[in-house]
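Here is the structure we will look at.
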Amino acid sequence: RRAIGAVVITFNDAAHIAPTLRGLVAEVAQVVVVDLGSTDRTRATVAERFPSVLLIGLPLEAGFGAAINAGARRLDQPFFLALHGDARLHPEALERLYATLSDSRRRGACCGPRLVAPHGVVELSAGFRPTRWRRWRAAWTDLVPRWKSLKPRRKPKRVAYFAPSVRTEVDWVSGAAILVRRDAFDEVGGMDEQYFLACGDVDFCLRLRGAGWD
């Protein structure tokens with residue numbers, strides 16, 4: 001617990017932030033909430049119900065990358081969890097993530113859990129470097145839709161995203177929930193603040209891979 005801090009990024013998360021923080025404050029040494037210009041009661045909820053949590057306000061235009069960097073600067077733990085305000089960790093998830101990064105046999109910079117929506121559909125959790133072959137295949141898939149996609153679905157199914165059920169080495173993990181080694185974060189200069197949200201996590205992880213981290 002003393003080795004891990006947390007940065008929670010919020011934007012109009014008044015309906016979600018209390019359950020998220022309730023479990024988190026008991027699991028980590030320090031929590032920083034960075035709010036991106038919420039217009040609901042997100043900030044008030046944090047201030048009133050979680051006085052031990054440091055609350056920072058940034059304009060929405062700053063983006064999620066800048067929010068993570070701002071929060072990380074307030075932490076001094078060797079590991080920190082970056083989490084979206086509407087995400088909740090499964091029991092024992094943080095312990096498993098920490099065990100992965102603290103494994104002395106590997107040079108782990110960051111890791112993430114499988115992401116599952118409230119209705120049970122597995123969401124985009126991780127992926128690989130966008131090689132020329134993968135780009136071509138993605139473009140072809142967009143141009144030629146599969147006939148199966150035309151069939152009506154009777155129940156939600158697992159979407160066609162990569163989200164392994166066992167520990168797997170990948171090129172990037174989603175920034176919705178990511179545990180980061182502080183030394184690695186500082187080595188690559190943190191998040192690139194030119195990304196507002198999409199692809200900022202991919203860029204960050206690929207820079208870590210380029211620096212020799214797992």
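The values are calculated or read from the model by the stated rules, or taken from the named source; none is laboratory data. Since we're looking at a predicted model, the values are computed, not measured. Backbone-built Cβ (ideal geometry, glycine too); neighbour counts: all protein chains shown. In case anyone asks, the SASA skips ligands and DNA or RNA and just uses the protein heavy atoms, side chains included. Shrake-Rupley method; radii C 1.70, N 1.55, O 1.52, S 1.80 Å.
On inspection, residue 212 does not qualify as part of a loop (DSSP other than H, G, I, E, B), open to solvent by less than 20 Å² (accessible area, probe 1.4 Å) and in contact (Cβ under 8 Å) with a residue 24 or more places away in the chain.
Of the residues making up the range 172-209, just one is among the β-branched types (Val, Ile, Thr) and part of a loop (DSSP other than H, G, I, E, B), namely 188.
Scan the range 46-72 for residues that are part of a helix (DSSP H, G or I) and either within 17 Å of residue 194 (Cα to Cα) or not basic (Lys, Arg) (or both) and the total you get is 16. Of the residues making up the range 183-209, those that are among the charged types (D, E, K, R), surrounded by 15 or more Cβ atoms within 10 Å (Cβ to Cβ) and under 10 Å from residue 109 (Cβ atoms) are 187, 207, 209.
Looking at 131, 141, just one residue is modelled with pLDDT of 65 or more and farther than 28 Å from residue 42 by Cβ, and that residue is 131.
For residues in the range 28-45 being outside any helix (DSSP H, G or I) and among the small types (Gly, Ala, Ser), which is surrounded by the most Cβ atoms within 10 Å (Cβ to Cβ)?
Residues of the range 28-45 that are outside any helix (DSSP H, G or I), as a first pass: 28-41.
Right, trim to among the small types (Gly, Ala, Ser) and you get 29, 37-38.
On the way: 29: 16, 37: 15, 38: 20.
The extreme case among them is 38.
Every test in (1) out of contact with any Leu (no Cβ under 7 Å at 6 or more places or on another chain); (2) buried (at least 18 other Cβ atoms within 10 Å of the Cβ); (3) at pLDDT 95 or above is passed by residue 79 save one, and that test is (1).
Here's the yes/no breakdown for (1) within 21 Å of residue 201 (Cβ to Cβ); (2) modelled with pLDDT of 80 or more; (3) among the hydrophobic types (A, V, I, L, M, F, W, C); (4) under 23 Å from the mean Cα position of the chain (by Cα):
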position	(1), (2), (3), (4)
110	yes, yes, yes, yes
117	yes, yes, yes, yes
120	no, yes, no, yes
125	yes, yes, no, yes
